[in-house]
1. Take Lys32 and Lys73, extend 7 Å from each Cα along the Cα→Cβ direction, and tell me the distance between the two endpoints in nm.
2. Based on the alpha-carbon gyration tensor of the stretch 71-131 and its eigenvalue square roots a ≥ b ≥ c, which shape applies: rounded if a/c is under 1.5, prolate if not and a/b is larger than b/c, or oblate?
3. If the cut-off is 17 Å between C-alpha atoms, which lysines fall inside it for Lys94, apart from same-chain ones fewer than 8 positions away?
4. With the crude spin-label approximation of a point 7 Å out along Cα→Cβ, what separation in nm comes out for Tyr46 versus Cys111?
5. Would you please give the FRET efficiency between Glu103 and Arg66, computed as 1/(1 + (r/R0)^6) with r the Cβ-Cβ distance and R0 = 30 Å, to the nearest 0.05?
6. Please work out the FRET efficiency for the pair Arg124 and Asn53, using the Cβ-Cβ distance as r and a Förster radius of 30 Å; give the result to the nearest 0.05.
7. Give me the net charge of Asn99's neighbourhood, meaning all other residues with Cβ under 14 Å from the Cβ of Asn99; Lys, Arg count +1, Asp, Glu -1.
8. Do any trypsin sites (Lys or Arg not before Pro) in the stretch 26-64 lie in a DSSP loop with no more than 16 other beta carbon atoms within 10 Å, and if so, which?
Amino acid sequence: MKKVLFGFGILVSCLAFGQDVKFKDGFVLINKEKCFKYTSKNMSFYNNFYDLNDKKVFYIDGAKTRTDQTYFKIQFTGSDEIITLPASAMNFRKGFLENLIEEGVINASDCTIHPENIKMFKDRYNKDYETSETTVIINNQSDIRPRNGVNISIGR
């Protein structure tokens, strides 16, 4: 019985404190109130978000690495921080906005952006796709005498 009550309590708290984010008719609705305008091209791959006065607030652009791994680049107007996140979720925009609200970058009650929290958000969620790391393995053999047969070196 305690487990059922505990589970019910968690469900109620998630529903009570979670933000309802929806995209409808070019607007982002947070808790059924218009918060931002957005434009989208190529099935959500390139998105611009504006406040209700048509001032650009941030953008989300899709990008690919040299190995064709897809990720998203996010930048807020007036900030030098570029946040890169994996493109793994089907409804990435909704989840991203929910995370921005949860981390205090967006205030859901008045739809304002708190630039002082962008760096903290980047530190927590950013994954660097721009730098590529190459591993070079140099196998120096100290014994160079010719051998007959097969030479297999495991766990060296």
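None of the figures in this text is laboratory data; all of them are computed from the coordinates on show. Here the structure is a predicted model, which is why all the values come from computation and not from measurement. Glycine also receives a Cβ, built like all others from the backbone with ideal geometry; neighbour counts cover every protein chain displayed.
1. If labels sit at Lys32 and Lys73, their model points lie 4.0 nm apart.
2. On the way: a/c = 2.09, a/b = 1.28, b/c = 1.64.
Verdict is oblate for the stretch 71-131.
3. By straight Cα distance, Lys94 reaches Lys22, Lys24, Lys32, Lys34, Lys37, Lys41, Lys73.
4. Going from the Tyr46 label point to the Cys111 one covers 2.4 nm.
5. Calculated transfer efficiency: 0.50.
6. Values: r = 30 Å, r/R0 = 0.99.
It comes to 0.50.
7. Values: positive: Arg93, Lys94, Lys122, Arg124, Lys127; negative: Glu98, Glu102, Glu103, Asp123.
Net of charged neighbours comes to +1.
8. Lys32, Lys55
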